[in-house]
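The values are calculated or read from the model by the stated rules, or taken from the named source; none is laboratory data. For clarity, every value in this text was computed on a predicted model and none was experimentally measured. Because the Cβ atoms are built from the backbone with ideal geometry, glycine has one as well, and the counts that use them run over all protein chains shown. What goes into the accessible areas is simple: the full protein's heavy atoms, side chains included, and nothing from ligands, DNA or RNA. Shrake-Rupley method; radii C 1.70, N 1.55, O 1.52, S 1.80 Å.
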There are 2 protein chains.
Amino acid sequence: MDKVDWNQLRAFLETAETGSLSAAARKLGLTQPTLSRQVAAIERRLGVTLFERAGKSMVLTATGLDLLEHARSMGAAADALGMAATGRSQAVEGIVSVSASDMVATHLLPRLVRRIRQEVPGIAVEVIATNAISDLQRREADIAIRHVNPDRPDLIARLIRQASACFYASKDWVETYGHPRTADDAGSLPFVGADRAGRYLAYLHHHGLSLKEANFSCYAEDSVAHWGLVCQGLGIGAMMDEIAHETPGVVRVLDDVPPVQFPIWLVTHTELHTSRRIRVVFDMLAQGLAEGMPGNARGD
Amino acid sequence: MDKVDWNQLRAFLETAETGSLSAAARKLGLTQPTLSRQVAAIERRLGVTLFERAGKSMVLTATGLDLLEHARSMGAAADALGMAATGRSQAVEGIVSVSASDMVATHLLPRLVRRIRQEVPGIAVEVIATNAISDLQRREADIAIRHVNPDRPDLIARLIRQASACFYASKDWVETYGHPRTADDAGSLPFVGADRAGRYLAYLHHHGLSLKEANFSCYAEDSVAHWGLVCQGLGIGAMMDEIAHETPGVVRVLDDVPPVQFPIWLVTHTELHTSRRIRVVFDMLAQGLAEGMPGNARGD
DNA sequence: ATTAACCTATACATTTATGCATGGATAAAG
DNA sequence: CTTTATCCATGCATAAATGTATAGGTTAAT
């Protein structure tokens, strides 16, 4: 009795988790026909029907759901193995992936990545710009830059410094609407929104700004686009101070609203911290982020 | 960052557990060069050294030992998945592997296998003759015939009946040495041994026979060979009664020594018992083993 | 209806991995 | 010391996997 093909099991796992062969193929770096054949093969091999081909997407059968549990267990073990292996790797060459908010990734990281490349040419840094919090347990990134303390025992988190953010608008905007200084001034002025679900609005309320949806002249979930709209004079927007200072044509408004303080954390997995190359990048990022932007006096 | 190949992880696991590429290749149904390349590939991929090529066999490094733990976890999950899949399979065709002592496999099983083939042609029975107790958890067999109660919660064990064994010798032997009837008579007579470690000797002591190593005229670990030596007149040997009755040219000796009673258990995994084809074989084996040998009045 | 955007399954060419044969090296047995 | 039996690594021909291109089907929106 020959054993099952473990790659086919992985194909089943990804297909079940993503819900489609195409998505699984993208995630595994393979093609959809390959996944189609691998899943068909594992079904023939095991003599069970894992998915119901309902035309649209493939839906798990009861048997598939039962087996998925075990496949997930395999996947978790494989992830842990990969993590431990990377941690053991003492080579100072290879890829290190860094996850950060798109704001940080766009404005802060490039300079640091350039410095890393200069000092350690063997290391290639992969920048993952996402506002979603990457799951370091599942190895979606090697290192993450976050603004909340993850506080999990299997993660190493280092507090770099506190950063501050204020409200800004373009010079054009100020010429048109004047220069509001207090929270009360803001009630009837246009802002640039971040999401239409009201999360950003709640965030502004929390900082003393009594706004309504009507205040938003436009929306941009992506913070780079968001900042671009602010620069184009479409409304007031919040921005990290050191980035705003680097941007020509914007001025601080709502000066009486106290700056928002938020921490910068550098996070990695305990396993990965034993890896030479990841430790190198971790330390260089820590140093570089602590410095703040060039031209900015001090960050903390 | 593309993921690691799960088949290569399996190659690493088997190589580490068996201790050599060749043994792993045999177990996986592959060849040694393939395993050699797969292990080399996973080492390159992970950037670590898993084995120290010490010329003879490959010995795990500290890193390898660390990663082996995770690989074992994957293997356990894969086994559980395979088990659950077989249990879910409702097809009455496929392979069912049955593990039994070589004695049972040689003398009792063939007739039953023949009957199964006649009644359910879609099922192929794989007979695994081993005196080692197969690990049903690790799926070394689907069904095992044992003579001890495994008594584990995840195994299903059905007591078929009690069987008995007595001491026998060939007619030639009796003509030469006479017909011993009591345990005391046996003290100076030749026996056929089973192992040179003294286990079989201790077993005989336990049943009242005060023998020494000098009593053994020859040894055979394999019980079929053992029985063959007895039939050739080389000494006294114990044998299951119903098999002895089928063997021409042997007679019971040491008649005053009470027969050894031992149970026949049929064991399978709870997961597998939900499989149609395994249940079919299980039930037919249970029925067939309960009947005893044809020509033998009753077994229990 | 009809279009567009998904998805999956199959045919064919190509890349990739596997098996076979061989050589070298080591350890145990004669 | 020689022999024998294993075991691992590598070259080469073959078999097996994968990718590309394509057809067919379903859903949702125009």
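State whether the residues of the stretch A:270-283 include one that is under 22 Å from A:Ile116 (Cβ atoms), in contact with a strand residue (DSSP E or B) (Cβ under 7 Å, 6 or more places away or on another chain), among the charged types (D, E, K, R) and part of a helix (DSSP H, G or I). The answer is yes, given that some residue of the stretch A:270-283 is under 22 Å from A:Ile116 (Cβ atoms), in contact with a strand residue (DSSP E or B) (Cβ under 7 Å, 6 or more places away or on another chain), among the charged types (D, E, K, R) and part of a helix (DSSP H, G or I).
Within the stretch B:1-20, the residues that satisfy the criterion of being under 26 Å from the mean Cα position of the chain (by Cα) and more than 10 Å from DNA strand D (Cβ to nearest atom) are B:Arg10, B:Ala11, B:Leu13, B:Glu14, B:Ala16, B:Glu17. When the criteria are applied in full, B:Leu159 fails the requirement of being in contact (Cβ under 8 Å) with a residue 12 or more places away in the chain, surrounded by 14 or more Cβ atoms within 10 Å (Cβ to Cβ) and not acidic (Asp, Glu). For the stretch A:179-197, a residue qualifies if it is part of a loop (DSSP other than H, G, I, E, B) and more than 16 Å from A:Val257 (Cβ to Cβ), and the qualifying residues are A:Pro190, A:Ala194, A:Asp195, A:Arg196, A:Ala197.
Only one of these is closer than 30 Å to A:Gly233 by Cβ and surrounded by 13 or more Cβ atoms within 10 Å (Cβ to Cβ): A:Ala129, A:Ala214. Name it. The conditions single out A:Ala129. Of the residues making up the stretch B:91-111, those that are among the hydrophobic types (A, V, I, L, M, F, W, C), closer than 21 Å to B:His269 by Cα and open to solvent by less than 70 Å² (accessible area, probe 1.4 Å) are B:Ala91, B:Val92, B:Val96, B:Val98, B:Ala100, B:Val104, B:Ala105, B:Leu109.
Here A:Trp227, A:Trp265 are screened, and the one residue that is under 30 Å from A:Met83 (Cα atoms) and either surrounded by 15 or more Cβ atoms within 10 Å (Cβ to Cβ) or in the same structural domain as A:Arg158 (by TED's automatic domain parsing) (or both) is A:Trp265.
Of the set (1) within 11 Å of DNA strand D (Cβ to nearest atom); (2) under 28 Å from the mean Cα position of the chain (by Cα), all apply to B:Gln38 but (2). For A:Glu43, the test of being assigned to a helix (DSSP H, G or I) and within 16 Å of DNA strand D (Cβ to nearest atom) is passed. Write out, first by first residue and then by second, each pair whose Cβ atoms fall under 7 Å of each other, whose residues are 6+ apart or on separate chains, and whose first residue, in the stretch B:44-71, is more than 16 Å from B:Leu13 (Cβ to Cβ) while the second is more than 11 Å from DNA strand D (Cβ to nearest atom) and not in a strand (DSSP E or B). If the second residue must be more than 11 Å from DNA strand D (Cβ to nearest atom) and not in a strand (DSSP E or B), the pairs left are B:Gly47/A:Ser89; B:Gly47/A:Ala91; B:Thr49/B:Thr61; B:Thr49/B:Thr63; B:Glu52/B:Thr61. Could you check the stretch A:50-90 and list, in sequence order, the residues that are over 21 Å from A:Arg37 (Cα atoms), touching an Asp or Glu at 6+ places or on another chain (Cβ under 9 Å) and either surrounded by fewer than 16 Cβ atoms within 10 Å (Cβ to Cβ) or more than 7 Å from chain B (Cβ to nearest Cβ) (or both)? Once the filter is applied, which keeps residues that are over 21 Å from A:Arg37 (Cα atoms), touching an Asp or Glu at 6+ places or on another chain (Cβ under 9 Å) and either surrounded by fewer than 16 Cβ atoms within 10 Å (Cβ to Cβ) or more than 7 Å from chain B (Cβ to nearest Cβ) (or both), the stretch A:50-90 yields A:Met83, A:Thr86, A:Gly87.
Which one of these is on the phi < 0 side of the Ramachandran plot, within 20 Å of the chain's Cα centre (by Cα) and open to solvent by less than 20 Å² (accessible area, probe 1.4 Å): A:Ala238, A:Ala220? Unique residue meeting the criteria: A:Ala220. Scanning the stretch A:162-175 for residues that are of a type in the set (S, T, N, Q) and open to solvent by less than 10 Å² (accessible area, probe 1.4 Å) yields a count of 1. The set of residues from the stretch A:21-34 being within 24 Å of the chain's Cα centre (by Cα) and either near DNA strand C (Cβ under 7 Å from one of its atoms) or more than 14 Å from chain B (Cβ to nearest Cβ) (or both) comprises A:Ser22, A:Ala23.
The residues in the stretch A:35-47 that are open to solvent by less than 50 Å² (accessible area, probe 1.4 Å) and within 9 Å of DNA strand C (Cβ to nearest atom) can be counted, and the count is 4. Scanning the stretch B:132-156 for residues that are among the acidic types (Asp, Glu) and without any contact (Cβ under 8 Å) to a residue 12 or more places away in the chain, which turns out least open to solvent (accessible area, probe 1.4 Å)? Out of the qualifying residues, it is B:Asp135. Of the residues screened, B:Thr270 is one that is polar (S, T, N, Q), open to solvent by less than 60 Å² (accessible area, probe 1.4 Å) and more than 16 Å from B:His107 (Cα to Cα).
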